[in-house]
Amino acid sequence: MDAFFAAVEQQRRPELRGKPVVVGGDGNPHRRGVVSTASYEARAYGIHSAMPLRTAYKKCPKAIFLPVDFRAYGEFSRRIITILREYTLLVEPMSMDEAFLDVSGRSEDPPALAEEIRRRINDETGLTASIGIGPNKLLAKIASGLRKPDAVTEITADGSAETLRDLPSIVLWGIGPKTAARLEESLRVRTIGDLCAISLESLQELLGPRHGEYLYRICRGRDDSPVITEWEPKSLSRETTYQQDTRRRETIVGTLTSLSGEVAADLRQEGYVGRTVTVKIRYHNFKTHTRALTLPESTGDHQRILQTAVALLDRFTMDRPVRLVGVRVSGLTRPPEGEPQTAPPAGESVDGRRDAKDGESWSD
DNA sequence: TCTGGGGTCCTTATCCTC
DNA sequence: TCTGGAGGATAAGGACCC
């Protein structure tokens, strides 16, 4: 979808159409937060995703700044996914605004099919989409970004080498700013064509065996990854950035309490328990550290997660102001049939003996 | 001076067991 | 008893994606 969050806001509030709209944070450009999505009108001022809201405000003070309304965007997303599933059940949602479709089982001409899907999304939601067609996910994804907005673009197997050759290496999945810089500095690689000229061994020496081999394949347009219609999460987490850095332990413990509760609620809702608890601390200078502990058994219980998180907090040096605190639970599994995913509320413990033996009182 | 939040995967180091 | 791997689990950090 093109500028999805901003486009939804402009769709449901017609007075915003044609104006620079910036969606991000809590909608206050004087507080901490970054741009999630900028409308095309806002992009004309140099505003883009991941830019600090304060910076965006300096570039265009008259832009309309709005908070992120995930619920509203999720509704549009579901409507779009429903349309897509009419064409194939092999739909892999990548995020709220992006999905892969495997239409190799359909007989239509792919561009005609894509054009029909693009038109139906527009008719039924008022939003524009850009669709890429390719012999694999990698090339379809690149194609979708070549012409935006509201376009259908195809990369064929035969034409892929020529199409890719002069594109900057950073358009490839898995090459970000750091890797692009390393490739340029060490190997004078700037385009995908440059990358194709580098030996497998050189790439692996620079970037490691896995990443090197991966880049060697994708710069040639090779990708055999399947369209995955559903997958299991590996971790669930919550984190928050303070509006002002803090060094008060009570404040941080309070934050850990609410974050742990939110993670526990997510675990319960999604039907998982997890074994490893990780606490993340970002200091005022943006240095970010984690401390993790793997428990003897999985849990989804708020108090157990919180107790572990507080113990982990004590392993950080609290000599600098903190700007972000996070809690993550990983090593997720489905709890065994018939067992509660979380401890029952205080006074209803079914497992009091173990609590007493361990000397742990986390029933309150 | 500024730099969100929710994820995944990889690399490296360390410890432990066989 | 000592030594050296192999290999799994855990922990920490980093790059990347949307």
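Taking 1 over the mean of 1/r across every pair of different Cα atoms in segment A:33-172, what Kirkwood radius in Å do you get?
Hydrodynamic radius (Kirkwood, Cα pairs) of segment A:33-172 is 16.8 Å.
Run lengths n ≥ 4 of DSSP H only: what is the helix-derived mean residue ellipticity at 222 nm for chain A, with -39500 (n - 2.57) per run over all residues, to the nearest 500?
That comes out to -11500 deg cm²/dmol.
How would A:Ser39, A:Ser160, A:Ser104, A:Ser202 line up from fewest to most surrounding beta-carbon atoms within 10 angstrom?
By the 10 Å Cβ count, ascending: A:Ser104, A:Ser202, A:Ser160, A:Ser39.
In debye, nearest 20, what is the charge dipole magnitude of chain A about its Cα centre with +1 on Lys and Arg Cβ and -1 on Asp and Glu Cβ, if you could check?
1620 debye
Could you work out how far the C-alpha centroid of segment A:146-216 sits from that of segment A:1-22, in angstrom?
Measuring centre to centre over Cα atoms gives 33 Å.
Lys and Arg at +1, Asp and Glu at -1: add these up for the other residues within a Cβ distance under 14 Å of A:Ala112 and post the number.
It works out to a net charge of -1.
With only alpha-carbon atoms in the gyration tensor, what are the semi-axes of the equivalent ellipsoid for segment A:177-231, in Å, largest first?
Taking √(5λ) for each Cα gyration eigenvalue gives 23, 12, 11 Å.
Determine the dipole magnitude for segment A:1-65: charges of +1 sit on the beta-carbon of Lys and Arg, -1 on that of Asp and Glu, nothing else is charged, the reference point is the Cα centre, and the result goes in debye to the nearest 20.
Dipole of segment A:1-65, to the nearest 20 debye: 240 debye.
Based on C-alpha coordinates, I'd like the Rg and Dmax of segment A:115-271, in Å.
Gyration radius and largest Cα-Cα distance of segment A:115-271: 21.5, 62 Å.
For a bin width of 10 Å, list the pair-distance distribution of segment A:115-172 built from all Cα-Cα distances, rounded to whole %.
Calculated over all Cα pairs of segment A:115-172, the distribution is 25, 49, 20, 6 percent.
Let me know the Kirkwood hydrodynamic radius for chain A, please, with Cα pairs as the basis and the value in Å to one decimal.
Every distinct Cα pair counted, the radius reaches 23.8 Å.
Looking at segment A:70-159, which trypsin sites (Lys or Arg not before Pro) are DSSP coil and have at most 13 other C-beta atoms within 10 Å of their C-beta?
Those satisfying the criteria are A:Arg106, A:Arg147.
Where the only charges are on Cβ atoms (+1 Lys, Arg; -1 Asp, Glu), what is the dipole of segment A:1-131 about its Cα centre, to the nearest 20 debye?
So the magnitude is around 900 debye.
Hey, how many Å between the Cα centroid of segment A:272-316 and the Cα centroid of segment A:95-131?
Computed from Cα coordinates, the inter-centre distance equals 42 Å.
Put +1 on the Cβ of each Lys and Arg and -1 on the Cβ of each Asp and Glu in segment A:204-283; which of A:Ala264, A:Trp231, A:Gly221 then has its Cα farthest toward the positive end of the dipole?
Of the candidates, A:Ala264 comes out farthest on the positive side.
Projected onto the charge dipole of segment A:30-95 (+1 at Lys/Arg Cβ, -1 at Asp/Glu Cβ, origin at the Cα centre), which of A:Pro52, A:Tyr40, A:Tyr73 gives the Cα projection farthest towards the positive end?
A:Pro52
Which trypsin sites (Lys or Arg not before Pro) from segment A:251-299 combine a DSSP loop assignment with at most 10 other Cβ atoms within 10 Å?
A:Lys287
As a footprinting exposure proxy, order A:Val263, A:Val91 by other Cβ within 10 Å, with the fewest listed first.
By the 10 Å Cβ count, ascending, the order reads A:Val91, A:Val263.
Restricting attention to segment A:134-230, which chymotrypsin sites (Phe, Trp or Tyr not before Pro) occupy a DSSP loop and are surrounded by at most 15 other Cβ atoms within 10 Å?
Sites meeting the loop and neighbour criteria: A:Trp173.
May I have the pair-distance distribution P(r) for segment A:239-290, computed from all Cα-Cα distances with 10 Å bins from 0 and rounded to whole percent?
Spelled out bin by bin, segment A:239-290 gives 20, 50, 25, 6 percent.
Given a cut-off of under 8 Å on Cα pairs at least six residues apart, what relative contact order in percent is computed for chain A?
11 percent
Check the straight Cα-Cα distances from A:Lys59 and name the lysines below 20 Å, setting aside those fewer than 8 residues away within the same chain.
A:Lys19
Which is the longest stretch in chain A that no exposed loop site breaks, taking sites as GluC sites (Glu not before Pro) with a DSSP loop state and at most 12 other Cβ atoms within 10 Å?
The longest such stretch corresponds to A:109-229.
Values in this text are rule-based calculations from the coordinates and carry no lab data. This one's a predicted model, so the numbers in the text were calculated from it and none came from an experiment. Note that each Cβ is placed from the backbone with ideal geometry, even for glycine, and that neighbours are counted across all protein chains shown.
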